[in-house]
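Visitor: This is the structure I want to talk about, given as structure tokens.
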């Protein structure tokens, strides 16, 4: 974290990791990044929503980060690459590992066209503890977290808590409000409900500039 290339967003949070391991390249414009996360067992509707958000945010000039998991994460990464955008994979293993194994090709592509990032030693295998730690790094790395689809037991909720602790906004898909945990989360400061990339991008910029979220 003493290196001048350490990500500026992550450097600003209190629980930043001392070391990062990277395959690919970290760039200054990664500061303009948003995390899109959600369930590994996503519905077709959720996958389509993740792809729309990733495409829209990428076209708006944002770097899209996610966790390389099955479901929402993979949809966000893939849609960003398909749109010609830049994506970051923040993983819960070391960079010499691939989890899940079916994402080996996707991980290689992200390393070639973006960056694969880990706070673990390169040969670290996945553990129950590593993924919540990964979520904290992803929260700190990005300007905001967007949750597309998740259950009450999803690890995605860890990232929502870390993002709020980091002072970063959290955006929830409207569909999530069918669940009690999401309704309770939506009542907290710095949490908004939105389904479009344009609206999310506009709110992120307004919040960073200290402006009200609407012109009213």
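Visitor: Looking at (1) more than 22 Å from residue 167 (Cβ to Cβ); (2) crowded, with 19+ Cβ neighbours inside 10 Å, which is the one condition that is false for residue 59?
Guide: So residue 59 meets the others, but not (2).
Visitor: What strands (runs of 3 or more DSSP E), lying completely within segment 138-212, carry at least 1 residues that are in contact (Cβ under 8 Å) with a residue 60 or more places away in the chain, touching a strand residue (DSSP E or B) at 6+ places or on another chain (Cβ under 6 Å) and more than 15 Å from residue 32 (Cα to Cα)?
Guide: Details: elements: 144-147, 170-172, 191-193.
Filter on segment 138-212 gives 144-147.
Visitor: With the checklist (1) surrounded by fewer than 16 Cβ atoms within 10 Å (Cβ to Cβ); (2) within 26 Å of residue 176 (Cβ to Cβ); (3) in contact with a helix residue (DSSP H, G or I) (Cβ under 8 Å, 6 or more places away or on another chain) in hand, flag the one item residue 43 doesn't pass.
Guide: Among (1) surrounded by fewer than 16 Cβ atoms within 10 Å (Cβ to Cβ); (2) within 26 Å of residue 176 (Cβ to Cβ); (3) in contact with a helix residue (DSSP H, G or I) (Cβ under 8 Å, 6 or more places away or on another chain), the lone unmet condition for residue 43 is (3).
Visitor: Restrict the check to segment 41-63 and report whether at least one residue is closer than 17 Å to residue 134 by Cα and in contact (Cβ under 8 Å) with a residue 12 or more places away in the chain.
Guide: So in segment 41-63, the residues closer than 17 Å to residue 134 by Cα come out as none.
No, segment 41-63 has no match at all.
Here, each number is a calculation from the coordinates, and none is a lab measurement. Nothing here was measured: the structure is a model prediction, and the numbers come from that model. Heads up, the Cβs are rebuilt from the backbone with ideal geometry, glycines too, and the neighbour counts pull from every protein chain shown.
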